[in-house]
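Asks: Below are the structure tokens for one structure; questions will follow.
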């Protein structure tokens, strides 16, 4: 899997370009299974497409993702994790999952836009 978030379609194209005969539906199923097993993090982009990233360890992580170039940075998420745990505990629910999605434009993309506007 790629270092940054990647869609199943993009991963499929890379695999096919590398000589693999894997089908697109297999790429989708495999990425979904990795996410379900806790081995990949999932982010929905502005179009609602699911993007996947390898999870390097057992802990759930949250990211800040650039909507222009796709740069992803892990962010400190202690307060969000505590909030989700408290909601699960006080509601009586079990196996509660959550997703916190943070996106914007990174400094490099902002700088490129500023440079293009001053030309």
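Asks: Quick one: in segment 18-50, which of the residues that are under 19 Å from residue 104 (Cβ atoms) and assigned to a loop (DSSP other than H, G, I, E, B) is modelled with the lowest pLDDT?
Replies: In this case the residue turns out to be 46.
Asks: Could you check how many residues of segment 51-65 are in contact with a helix residue (DSSP H, G or I) (Cβ under 9 Å, 6 or more places away or on another chain), outside any loop (DSSP other than H, G, I, E, B) and closer than 20 Å to residue 30 by Cβ?
Replies: Adding up the residues that qualify gives 3.
Asks: Determine which single condition residue 37 fails, assuming it passes every other condition in (1) touching a strand residue (DSSP E or B) at 6+ places or on another chain (Cβ under 9 Å); (2) in the same structural domain as residue 6 (by TED's automatic domain parsing).
Replies: (1)
Asks: Residue 7 fails exactly one of the following numbered conditions: (1) modelled with pLDDT of 90 or more; (2) surrounded by 14 or more Cβ atoms within 10 Å (Cβ to Cβ); (3) farther than 22 Å from residue 108 by Cβ. What is the number of that condition?
Replies: (3)
Conditions tested, residue by residue: (1) buried (at least 16 other Cβ atoms within 10 Å of the Cβ); (2) in the same structural domain as residue 95 (by TED's automatic domain parsing); (3) within 20 Å of residue 99 (Cα to Cα); (4) more than 13 Å from the chain's Cα centre (by Cα).
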site	(1), (2), (3), (4)
22	no, no, no, yes
28	yes, no, yes, yes
44	no, no, yes, no
48	no, no, yes, no
51	yes, no, yes, no
71	yes, yes, yes, no
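Asks: Do the conditions hold for residue 68, that is, is it under 17 Å from residue 51 (Cβ atoms), at pLDDT 85 or above and not in a strand (DSSP E or B)?
Replies: Considered against the rule, which asks whether it is under 17 Å from residue 51 (Cβ atoms), at pLDDT 85 or above and not in a strand (DSSP E or B), residue 68 comes out as yes.
Asks: To continue, here is another question. For residue 57, indicate whether it is modelled with pLDDT of 85 or more, surrounded by fewer than 10 Cβ atoms within 10 Å (Cβ to Cβ) and within 21 Å of the chain's Cα centre (by Cα).
Replies: no
The values are calculated or read from the model by the stated rules, or taken from the named source; none is laboratory data. Predicted model only: the values in this text are computed from it and were never measured. For neighbour counting, all protein chains shown are included, and Cβ atoms are generated from backbone atoms with ideal geometry for every residue, glycine included.
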